[in-house]
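Contents: one structure, followed by commentary.
Every number in this text was worked out from the coordinates using simple rules, so none of it is lab data. Everything numeric here is computed off the predicted structure, so don't read it as measured data. So basically every Cβ, Gly included, is an ideal-geometry build from the backbone, and we count neighbours across all protein chains shown.
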Amino acid sequence: MKECAVTILSIIVFSVCIFLGINQIEKNISETVNSYNKSQFDNTVILDAGHGGEDGGAVAFDGTLEKDINLEICSAISLFFDIFGINYINIRTEDISVGDTTLETIKERKASDIYKRYDIINTTENSILLSIHQNMFSVEKYSGTQVFYAKSVDSSKNLAQCIQSSVVSSLQNNNKRSIKEGDKSIYLLYNAKRPSVLVECGFMSNMEELALLNNFEYRTKISYFIVSGLLEYLLSQKVV
Ligand SMILES: [Zn+2]
């Protein structure tokens, strides 16, 4: 099992090197690791792959399910967390609902699922929520990552900005989206007690972006830049 993880890790690091260019990735990693070595992070990131089980999330025109892309991205993020020594807990690592599946109605089961996620965040010491989702809209033209944050916890906004800037400057130069406060419709952000962000990585309703989200190399890259933004936030918190 461990050997398998190491192999996957090597493949991912290799593909990031190939697709970003060896120099860029080496510079980026060495800068980050140098900074990291001076710090001791005591946070635990709650890595939340949105949806799962009977809740597929958004469904693309070709049948791609949001829950599957979310899981793939969280899997890549987990491996980068391993590289950088960041503590984390995965809400789910397989295609399951995390709530009580014996409840009678879908509404009850969905509520149970979200409360369970909320509970994991709030019972973990020094936790930070990183929730991964994909966007969907009725018009195809919209694309680009957008990070939402919890208004109730000040540092969430800084975390969201670090991630948005990291992804946009490295991968999406034409993305003009700004970070946005999570409203009532996003329970985990609206009721947050810990620094919390939700990353809408891309639009499944945009054919070009859907193809990217279905591509291993692109998912590896966006995962890397999400982690890079989060590291920048952790380092900024350390200085303060
Ligand atoms: Zn979603």
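Run the count for region 54-203, please: Lys pairs, Cα-Cα under 23 angstrom, 8 or more apart or on different chains.
Taking region 54-203 as the scope, the lysine pair count is 25.
Between residue 110 and residue 187, what is the spin-label point distance in nm, taking each point 7 Å from the Cα along the Cα→C-beta axis?
With each label placed 7 Å out from Cα toward Cβ, I get 1.0 nm.
Mind checking the full-extension length gain between residue 142 and residue 122? Use 0.36 nm per residue of separation minus the Cα-Cα distance, one decimal, nm. Kindly include the intermediate steps, with their values, before the conclusion.
Working: separation 20, 0.36 × 20 = 7.20 nm, distance 3.41 nm.
Full-extension gain reported as 3.8 nm.
Suppose the chain between residue 173 and residue 217 were pulled fully straight at 0.36 nm per residue; how much longer would it get relative to their current alpha carbon spacing?
Numbers: separation 44, 0.36 × 44 = 15.84 nm, distance 1.79 nm.
Using 0.36 nm per residue and subtracting the Cα-Cα distance, I get 14.0 nm.
On a full-extension model of 0.36 nm per residue, what is the gain between residue 93 and residue 59, subtracting their alpha-carbon distance, rounded to one decimal in nm? Before the final figure, lay out the partial values.
On the way: separation 34, 0.36 × 34 = 12.24 nm, distance 2.00 nm.
Working it through step by step, the gained length comes to 10.2 nm.
Once you sort the root eigenvalues of the Cα gyration tensor of region 129-192 as a ≥ b ≥ c, which label holds: rounded (a/c under 1.5), prolate (a/b larger than b/c) or oblate (the other case)?
Details: a/c = 2.45, a/b = 1.32, b/c = 1.86.
Taking the square roots of the gyration eigenvalues as a ≥ b ≥ c, region 129-192 is oblate.
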